[in-house]
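Single-structure report; data block below.
Only the coordinates and a few stated rules stand behind these numbers; no lab work does. Source: prediction; values computed, not measured. We place every Cβ from the backbone using ideal geometry, glycine too, and count neighbours over all the protein chains shown.
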Amino acid sequence: MTQSLRPTRHAIRTLTVLAAFLDTLIVLSANAQPAEPSDFVAIVHPSNQVASLSTADMRDLFLANQKKWSGGLAVHPILPESRSIAIEHLLKHILLMNSEADLSMHYMAAIFQQKIREPPKSGSHKTSMIVVGRNPGAIAFVRRSNASGQNSIRIVEIDGL
């Protein structure tokens, strides 16, 4: 008799785990708010004098077409985390690319052509803010809500978003 109950106990455990997983997904999707392009900003070190950036300026900075700021300081772009909403928006609205693979191919070509030594680093919004706060040449693309109220960085509006 216990053998016939085993599949039932296993099925109940499986259904319980599945139900908990689905509850978690429902809560996460209910809390996830769609992001608009205007929800994102560039952040730079407070000493960086750039007042605003166009989407074309951002594209040049992140694709290594512009390697120095107007004052001569080297540009150090920090990419958003892979598969994040920020990288999706950066690709779609700034870099005009379809995928992270396209961006990787761009950087590989730039390395091959000796335009850059290595692709930019990537990090979470927290990591990006720390790096930008410590590096006067750094720039990152983050959600406005994550950057607001931070003294170690300065928000730069992106014209055209």
Formal net charge of residues neighbouring Arg134 (Cβ-Cβ distance under 15 Å; K, R +1; D, E -1)
+3
First measure r as the distance between the Cβ atoms of Phe112 and Ser148, then evaluate 1/(1 + (r/R0)^6) with R0 = 45 Å and state the FRET efficiency to the nearest 0.05.
0.70
So Ser38 and Gln66, fully extended at 0.36 nm per residue minus their Cα-Cα distance, gain in nm 7.7 nm
Pseudo-spin-label distance Asp102 to Ala51, built 7 Å along Cα→Cβ, given in nm, is 3.2 nm
